Amino acid sequence: MWNDDHKDSYLRHIIQGNKNMMAMRVQASKVDWPLDEHGVLQPMLTAIIRHGKVASYNTSEPLDYIRLCRNVLKKFDVPTDVANEIKDGAGFLRKMEEWTPGIWPLLYESTGPL
């Protein structure tokens, strides 16, 4: 069982890996940008993307979802309403797990130990 530090580290290692290889592996994992019940990007993620001042994200690329998650955990630069809801990086990890149940085994099975 992974703790939150292991999960954060795993995301970091995915992003630090060979971009093309990791893009294929994340896509193979079936982990993708989470959508709401109407098929629209989760509103919290839309708010985080709009709040961002430097990075841009392609919501058709699953690796960019992993990159956004890693950046949230690294910098915790999120809109105030998002920060109030999730409180901290651990709260964001819980949202990732809510949006994609089994996210860690899915990623591990496709990307392996890093």
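The values are calculated or read from the model by the stated rules, or taken from the named source; none is laboratory data. All values derive from a computational prediction rather than experimental measurement. Here Cβ is always computed from backbone atoms with ideal geometry, including for glycine, and neighbour counts include all displayed protein chains.
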Kindly establish whether Met44 is free of Cβ contacts under 8 Å to residues at least 60 places away in the same chain and outside any loop (DSSP other than H, G, I, E, B). yes
Among the residues in region 15-36, are any in a loop (DSSP other than H, G, I, E, B), of a type in the set (Phe, Trp, Tyr) and touching a Ser or Thr at 6+ places or on another chain (Cβ under 9 Å)? yes
If you check Ile49 against the conditions, is it touching a strand residue (DSSP E or B) at 6+ places or on another chain (Cβ under 9 Å) and either part of a loop (DSSP other than H, G, I, E, B) or among the hydrophobic types (A, V, I, L, M, F, W, C) (or both)? yes
Residues in region 74-86: is at least one outside any helix (DSSP H, G or I), at pLDDT below 95 and closer than 20 Å to Gln27 by Cβ? no
Of all the residues that make up region 35-59, how many are surrounded by 13 or more Cβ atoms within 10 Å (Cβ to Cβ) and under 17 Å from Thr100 (Cα atoms)? 8
Residues Lys7, Lys75: which one is surrounded by fewer than 17 Cβ atoms within 10 Å (Cβ to Cβ) and of a type in the set (Lys, Arg)? Lys75
Run Ile48 past the list (1) at pLDDT below 95; (2) within 15 Å of the chain's Cα centre (by Cα) and report the number of the one that doesn't hold. (1)
If a residue must be in contact with a Phe, Trp or Tyr (Cβ under 9 Å, 6 or more places away or on another chain) and either under 16 Å from Trp99 (Cβ atoms) or loosely packed, with under 14 Cβ neighbours inside 10 Å (or both), how many such residues does region 10-34 contain? 6
Only unsatisfied item for Glu109, checking (1) in a helix (DSSP H, G or I); (2) surrounded by 16 or more Cβ atoms within 10 Å (Cβ to Cβ), is (2)
Scan region 77-94 and report the pairs whose first residue is over 13 Å from Asp4 (Cβ atoms) and whose second residue is among the charged types (D, E, K, R) and exposed (fewer than 13 other Cβ atoms within 10 Å of the Cβ), with Cβ atoms within less than 9 Å and a gap of 6+ or a chain change. Asp77/Lys53; Pro79/Arg50
